[in-house]
1. Looking only at the stretch 14-51, filter to residues that are assigned to a helix (DSSP H, G or I) and among the polar types (S, T, N, Q); which one of those is nearest to residue 3 (Cα to Cα)?
2. Please determine whether any residue of the stretch 89-106 is modelled with pLDDT of 95 or more, polar (S, T, N, Q) and in a helix (DSSP H, G or I).
3. Within the stretch 96-118, take every residue that is under 11 Å from residue 81 (Cα atoms) and among the basic types (Lys, Arg) and give me the one that is surrounded by the most Cβ atoms within 10 Å (Cβ to Cβ).
4. Every residue in the stretch 35-51 that is more than 12 Å from residue 25 (Cα to Cα) and open to solvent by 40 Å² or more (accessible area, probe 1.4 Å), please.
5. Could you tell me which numbered condition residue 82 fails, if it satisfies all but one of (1) closer than 30 Å to residue 34 by Cβ; (2) at pLDDT below 90?
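The values are calculated or read from the model by the stated rules, or taken from the named source; none is laboratory data. The shown structure was predicted, so the numbers you read here are calculated from the model rather than taken from an experiment. Reconstructed Cβ throughout: ideal geometry from the backbone, glycine too, with neighbour counts over all protein chains shown. Calculation scope for accessible area: heavy atoms of the full protein, side chains included, ligands and nucleic acids excluded. Shrake-Rupley method; radii C 1.70, N 1.55, O 1.52, S 1.80 Å.
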Amino acid sequence: RNQRLLFTWMTDEPEAFPIIAKYISPEDFTDELYRQVAVRVFEKMKAGDYSGAIPYFEKIADHKDSEKLLTECKNIISEEKYQNALSLLEEGKLDESLKVFGEIKDYKDSGDHIETIKKEQKYQKALGLMDEAKYKEALEIFKEIEDYKDSAKLNKNGVKGFGNNLNN
C-alpha cells in the first residue's frame, strides 16, 4: 500500500520527485514488480521525461493501482502541455499553441481555446485582407466569425463603408 502511495505522490507532485529521490531509491521498493518499475520510472523522472514513464505504468496494468498511476501520469503530461500551450498563446504564437492544444483537446478548456484561436486566425486574416483592399473576401470572413471581437460591427459597417469597393 505504501509503495502505491509513493508512486501516486510522485505522479501527482512531480516537483517533489527530486526531494523523494534524495531519500528513496528503487531498491527501497519491496514488491518485486514495483521495484522493477521504479528503476525505470526513476530514470525517466530524473530526466524530466514523464511521458517516458507511462509505458512502465502500463506494464504493471494488472497490478493493484497501476491504472490510476497511469492516468495520473497522463494528467501530469496533459497539464504540462496545457501550460505550454497557454504560454505560447500569451506570446502570440497562435499556430504553435493551436497544435499543442490539439494534442490535448479534451483536457480542461483546451477545446474552447482551439475554437478561439481559429477565430483569431480568421480575424487576423480578414484584417490583412482589408489592408490589401480585398474587402469582399474580408467581409465574408467577418460574417463567418460574427460572434468574435468586433467582427459583426466590421461586417455591418463594412458594407456601408466600402460601397463600390466590394468588387475587389
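1. Initially, the stretch 14-51 is screened for residues assigned to a helix (DSSP H, G or I), giving 14-23, 26-28, 32-46, 50-51.
From what's left, among the polar types (S, T, N, Q): 36, 51.
Values: 36: 12, 51: 21 Å.
Only one residue tops the list, namely 36.
2. Yes, that holds for at least one residue.
3. Residues of the stretch 96-118 under 11 Å from residue 81 (Cα atoms): 97, 99-105, 107, 110.
Checking the rest, the ones that are also among the basic types (Lys, Arg) come to 99, 105.
Numbers: 99: 13, 105: 10.
Within the stretch 96-118, the match that is surrounded by the most Cβ atoms within 10 Å (Cβ to Cβ) is 99.
4. 44, 47, 48, 49, 51
5. (2)
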